[in-house]
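Structure first, then comments.
Computed from the coordinates by the stated procedures, all read-outs in this text should not be read as laboratory data. In this text, all values refer to a predicted model and were calculated from it rather than measured experimentally. So basically every Cβ, Gly included, is an ideal-geometry build from the backbone, and we count neighbours across all protein chains shown.
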Amino acid sequence: NDVRYTLSQNWPNPFNPSTNITFSIAERQLVSLAVYDLSGRLISILAEREYPAGTHTVAFNAPDIPSGTYLYSLHAGDHVFTRSLLLAR
């Protein structure tokens, strides 16, 4: 099994109003994937459940938030990854 823990750059980026976020986990476990603004306020929880090992894609739809840079963060066990995304209206 060559699956690692990864959080890919969202695609498309910049986006309007939706984008896809792909992540991989090496074993079944509880995953939390959330979007925050740059001041750390929670914008949206995209996933908060158990996933099987492998690669998964979650959609983020943002029809009601302003243009700008946001952070998305994946928590899976002891692994934490954060990347930025750009919403351009």
Subject >> Candidates ASP64, ASP78, ASP37, ranked by Gaussian network fluctuation over the chain, Cα under 10 Å, top entry >> reply: ASP78
**OP:** Mind checking which of SER8, HIS75, GLY54 is farthest towards the positive end of the chain's charge dipole, using Cβ charges of +1 (Lys, Arg) and -1 (Asp, Glu) about the Cα centre?
**Re:** SER8
**OP:** Just flag the trypsin sites (Lys or Arg not before Pro) in region 13-53 sitting in loop per DSSP whose Cβ has no more than 12 other Cβ atoms within 10 Å.
**Re:** ARG28, ARG41
Subject >> Karplus 3J(HN,Hα) series, Hz, for region 10-25 with 6.51 cos²θ - 1.76 cosθ + 1.60 (x for Gly, Pro) >> reply: 4, 9, x, 8, x, 9, 6, x, 9, 8, 10, 10, 10, 9, 10, 10
Original post:
Out of LEU33, LEU71, LEU42, any idea which swings most in a Gaussian network model of the chain, alpha carbons joined below 10 Å?
Top reply: LEU42
Subject >> P(r) of the chain over all Cα-Cα pairs, binned every 10 Å from zero, in whole percent >> reply: 17, 52, 25, 5, 0
Subject >> Placed amide H near ALA53: partners under 5 Å, 5+ positions off or other chain >> reply: ARG28
Subject >> Highest-MSF residue in the chain out of GLY40, GLY54, GLY77 [GNM, Cα springs under 10 Å] >> reply: GLY40
